[in-house]
């Protein structure tokens, strides 16, 4: 049968449960995913005085074709975006500034250093998000930035973050959609600290100074991101979940939850409903931790599906800002973007094709038998037929046919670099 015929059969199956599949597809078209640029070049960036990765960041693999210029990275992103249904966003780090060969310190970065990115985003109908880069720098070699005991170093990073918020504001003004500017720091200690409080006091004071500078929230949204541990900060991280959750609540900032930044028995899906009760919006960095914060490419696993369900069943598609954060240099990087982003969208579509209101009603009535039975049965409903139709409708390859395009791009472009 054709894609259209399979779709019509699937529609009938879902319509029995009051699910209007055509409306689901229209809604899904308007859900943007913020795709991280750093998968394309292994978080190298374009600083003139490039440094090796540090600050708990590690990328493994040496697959050929890594982007080494802004033009190459943008071309690779365009290729990936052509294989992903929907209109999305691109997430940048400060190290992706273009300074025309001039050494520009991070605390001196300005909107003009991202003009090419904005021009490209306009041409491609994309929003942009932003992150200050508080790692891979001499002033972060000891693993401390905004909580550093050295005031000079601390001020450097404070000014970098202030400038970053202004760059985010510039993105929002130019592109007509607010940028999410997210602060993550690597600060912590390898071994057991003798004082946990003082570094956190310094971090709080630094954040207070950063956010004291007025930036228009119409164009820029501020977020803070926690971590449980990292390379070189195995025993203590200054910016813990408890620290940032409290800081965000008290100061009306977004709390960003990275799916790899929690203990192995914690799940971000279980946190979303609690966060939504107390925050107007929250942000996600969706990754796949394998035993630790390893940032593997996102797959359509149970946790990804549960994250999507929590967003959809709580009517929070406009309240949860979804971004991705993974980096794998052992496989084709364009394929990594394509796999991960398509899976995030698949998870959202799957969540929309569930009779969520009826399942909620069963739970309220204490009918756990029917609840479990239906939740399991819907796992094998014809979701794939709807996904194939959506891809065809959006003009992107259906099923695994996108892989042929990536293989051709690898031969024609990536292997010639």
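The values are calculated or read from the model by the stated rules, or taken from the named source; none is laboratory data. Small disclaimer: the values here were computed from a predicted structure and weren't measured. Cβ placement follows ideal geometry from the backbone for every residue including glycine, while neighbour counts extend to all protein chains displayed.
General observations
- Filtered residues of the stretch 82-122 (kept if more than 19 Å from residue 179 (Cα to Cα) and out of contact with any helix residue (DSSP H, G or I) (no Cβ under 6 Å at 6 or more places or on another chain)): 82, 100, 101, 102, 103, 104, 105, 108
- Candidates 321, 331: the one that is in contact with a strand residue (DSSP E or B) (Cβ under 6 Å, 6 or more places away or on another chain) and assigned by TED's automatic domain parsing to the domain that holds residue 280 is 321.
- Whichever residue in the stretch 30-49 is in contact with a strand residue (DSSP E or B) (Cβ under 7 Å, 6 or more places away or on another chain) and not in a loop (DSSP other than H, G, I, E, B) and, among such residues, is nearest to residue 401 (Cα to Cα): 35
- The stretch 368-402, residues that are on the phi < 0 side of the Ramachandran plot and not in a helix (DSSP H, G or I): 381, 382, 394, 396, 397, 398
- Candidates 23, 52: the one that is in contact (Cβ under 8 Å) with a residue 40 or more places away in the chain and either in a helix (DSSP H, G or I) or surrounded by fewer than 15 Cβ atoms within 10 Å (Cβ to Cβ) (or both) is 52.
- Among the residues making up the stretch 228-247, a single one is under 24 Å from residue 316 (Cβ atoms) and surrounded by 22 or more Cβ atoms within 10 Å (Cβ to Cβ): 244.
Let's see how each residue does on (1) touching a residue at least 12 places away in the same chain (Cβ under 8 Å); (2) in contact with a strand residue (DSSP E or B) (Cβ under 9 Å, 6 or more places away or on another chain); (3) under 19 Å from residue 134 (Cβ atoms):
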| site | (1), (2), (3) |
| --- | --- |
| 186 | yes, yes, yes |
| 189 | yes, yes, yes |
| 203 | yes, no, yes |
| 214 | no, no, no |
| 219 | yes, yes, no |
| 223 | yes, yes, yes |
| 237 | yes, yes, yes |
| 246 | no, no, no |
| 282 | yes, yes, no |
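- Odd one out for residue 278 among (1) buried (at least 18 other Cβ atoms within 10 Å of the Cβ); (2) touching a helix residue (DSSP H, G or I) at 6+ places or on another chain (Cβ under 7 Å): (1)
- Residue in the stretch 164-183 that is out of contact with any strand residue (DSSP E or B) (no Cβ under 8 Å at 6 or more places or on another chain) and within 13 Å of residue 233 (Cβ to Cβ) present: no
- Those residues of the stretch 114-146 which are under 29 Å from residue 243 (Cβ atoms), surrounded by fewer than 21 Cβ atoms within 10 Å (Cβ to Cβ) and free of Cβ contacts under 8 Å to residues at least 60 places away in the same chain, in sequence order: 139, 142
- A count restricted to the stretch 247-275 and to residues that are out of contact with any helix residue (DSSP H, G or I) (no Cβ under 9 Å at 6 or more places or on another chain) and either within 14 Å of residue 180 (Cβ to Cβ) or not assigned by TED's automatic domain parsing to the domain that holds residue 230 (or both) stands at 2.
- Annotation for the stretch 147-158: no member residue is touching a strand residue (DSSP E or B) at 6+ places or on another chain (Cβ under 6 Å), surrounded by 21 or more Cβ atoms within 10 Å (Cβ to Cβ) and not in a helix (DSSP H, G or I).
- Test: residue in the stretch 352-369 that is under 22 Å from the mean Cα position of the chain (by Cα) and either under 30 Å from residue 314 (Cβ atoms) or modelled with pLDDT of 95 or more (or both): yes
- Hey, residue 76 touching a residue at least 60 places away in the same chain (Cβ under 8 Å), assigned to a loop (DSSP other than H, G, I, E, B) and buried (at least 20 other Cβ atoms within 10 Å of the Cβ) or not: no
- Entry remark, the stretch 318-335: residues being closer than 16 Å to residue 178 by Cβ and either assigned to a strand (DSSP E or B) or in contact (Cβ under 8 Å) with a residue 12 or more places away in the chain (or both) number 5 in total.
- Scanning the stretch 100-124 for residues that are under 24 Å from residue 215 (Cα atoms) and assigned to a loop (DSSP other than H, G, I, E, B) yields 104, 105, 109, 110.
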